[in-house]
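> So that we are looking at the same thing, I have put the structure below in structure tokens.
The values are calculated or read from the model by the stated rules, or taken from the named source; none is laboratory data. Everything quoted here is computed from the prediction, not taken from an experiment. Methodologically, a virtual Cβ is constructed for each residue, glycine included, from the backbone with ideal geometry; neighbour enumeration extends over all protein chains shown.
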Amino acid sequence: MKMMFTVDVEDWFCSPQLPLSDWERREIRLERPVRQMLELLDERKALGTFFVLGWIARKRPGLIKEIHRRGHEIASHGYAHRLVRSQSPGEFRQDIRASKDILEDVTGDEVRGYRAPCFSMTEWGLEMLREEGYAYDSSLMPHRFNQLYNELKRPSDVPASFRIKDKLWEIPLPAYRLGGLRVPWGGGGYFRLYPYSLFKAGAKSILRDRGAFVFYIHPYDLDPDQPRIFNSSLLNGFRRYYGLDGTHDKIRRLMADYAVTSIRSQNPQIGESR
Ligand SMILES: [Zn+2]
């Protein structure tokens with residue numbers, strides 16, 4: 001059983017709290033960690049899914065082309081990393097359309113998947129994804145640990161993949177059941193925070209119970225030298241900067257313990273739904 005390996009391709013400053021005019025002044029640092037992940041995937045002859053911001057594709061088209069040329073799936077993370085609920089429906093439509101267009105221009109390939117910034121998906125957002133020609137969403141976080149996470153109401157036992165709207169599939173992120181709680185277990189800051197052996201044990205149990213596991217990580221999770229711009233005395237700041245220097249090794253261990261692949265290659269039904 002393979003784990004789905006996904007990367008949200010954004011840089012250390014791509015936060016909904018900062019406007020695009022601020023992004024323009026910042027140093028783009030993600031090329032090194034993205035190349036590190038490409039090398040780790042190559043070592044295992046494995047594929048991954050890269051949810052790319054349209055803004056990043058505009059700034060670094062060569063990097064996105066290379067990810068695609070190596071056989072990985074390019075999907076959309078929107079254009080400007082704004083929370084779905086903070087946009088009007090018209091703005092959201094423009095954002096998901098612009099990112100799809102740019103990514104398809106850069107790669108010459110169809111973009112099928114979308115992941116909402118900070119997983120902030122809404123019901124009307126899903127409807128619009130379908131209308132704009134996306135085939136799947138991967139934003140559903142079946143826990144309530146972070147207020148940014150989505151507002152979708154789903155049953156407590158979320159299947160590994162399901163049709164969320166006509167012709168639109170949902171590929172949810174994992175959570176670990178601990179008594180009555182569901183604890184985030186997909187990756188990112190939680191992957192850095194949990195000791196590797198604990199993360200592995202949880203992932204093993206989730207894979208066994210659900211038959212699927214979507215892992216996610218960001219380039220900045222592998223960048224210990226990034227400027228610290230978020231207040232690290234707050235919970236979000238702590239989660240943002242903890243354990244950055246260990247992520248590369250942890251991913252290598254994860255790939256030694258689990259075969260990984262892209263969302264698209266693990267879910268042939270996505271292609272058939274169109
Ligand atoms: Zn993101």
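> Does residue 30 meet the test of being within 16 Å of the ligand (Cβ to nearest atom) and either over 16 Å from the mean Cα position of the chain (by Cα) or on the phi < 0 side of the Ramachandran plot (or both)? Quick ask: steps written out before the conclusion?
On the way: within 16 Å of the ligand (Cβ to nearest atom): yes; either over 16 Å from the mean Cα position of the chain (by Cα) or on the phi < 0 side of the Ramachandran plot (or both): yes.
Against the criterion (within 16 Å of the ligand (Cβ to nearest atom) and either over 16 Å from the mean Cα position of the chain (by Cα) or on the phi < 0 side of the Ramachandran plot (or both)), residue 30 qualifies.
> For the range 177-227, how many residues meet the condition of being of a type in the set (Gly, Ala, Ser) and closer than 24 Å to residue 47 by Cβ? Steps first, please.
Going through the range 177-227, the residues of a type in the set (Gly, Ala, Ser) turn out to be 179-180, 186-189, 197, 201-203, 205, 211-212.
Next, from what is left, pick out any that are closer than 24 Å to residue 47 by Cβ: 186-188, 202-203, 211-212.
Residues that pass the stated criteria total 7.
> Of the residues 177, 163, which is part of a strand (DSSP E or B) and free of Cβ contacts under 8 Å to residues at least 60 places away in the same chain?
On the way: 163 fails: free of Cβ contacts under 8 Å to residues at least 60 places away in the same chain.
Going through 177, 163 in turn, just one is part of a strand (DSSP E or B) and free of Cβ contacts under 8 Å to residues at least 60 places away in the same chain: 177.
> Here's another thing I want to ask about it. Only one of these is in a helix (DSSP H, G or I) and more than 16 Å from the ligand (Cβ to nearest atom): 240, 192, 208, 228. Name it.
208
> Which is crowded, with 17+ Cβ neighbours inside 10 Å and under 28 Å from residue 39 (Cβ atoms), of 113, 62? I'd like the intermediate steps shown before the answer.
Values: 62 fails: crowded, with 17+ Cβ neighbours inside 10 Å.
When all the criteria are applied, what remains is 113.
> Can you name the residue in the range 47-71 that is small (Gly, Ala, Ser) and within 17 Å of the chain's Cα centre (by Cα) and, of all such residues, is nearest to the ligand (Cβ to nearest atom)? Before the answer, list the steps.
Applying the first criterion (small (Gly, Ala, Ser)) to the range 47-71 yields 48, 54, 57, 62, 71.
Filter once more, keeping what is within 17 Å of the chain's Cα centre (by Cα): 48, 54, 57.
On the way: 48: 16, 54: 12, 57: 14 Å.
Looking at the filtered set, the residue picked out is 54.
> May I pose another question? Pairs under 9 Å by beta carbon, first residue polar (S, T, N, Q) and in a loop (DSSP other than H, G, I, E, B) in the range 12-27, partner more than 12 Å from the ligand (Cβ to nearest atom) and modelled with pLDDT under 95, six or more apart or different chains?
So the pair list comes out as 15/229; 15/230; 17/230.
> Same structure, new question: Evaluate the range 74-87: report whether one residue or more is small (Gly, Ala, Ser) and away from the ligand (no atom under 16 Å from the Cβ).
From the range 74-87, those small (Gly, Ala, Ser) are 75-76, 78, 80, 86; that's our starting set.
Checking the rest, the ones that are also away from the ligand (no atom under 16 Å from the Cβ) come to none.
Within the range 74-87, none of the residues are small (Gly, Ala, Ser) and away from the ligand (no atom under 16 Å from the Cβ).
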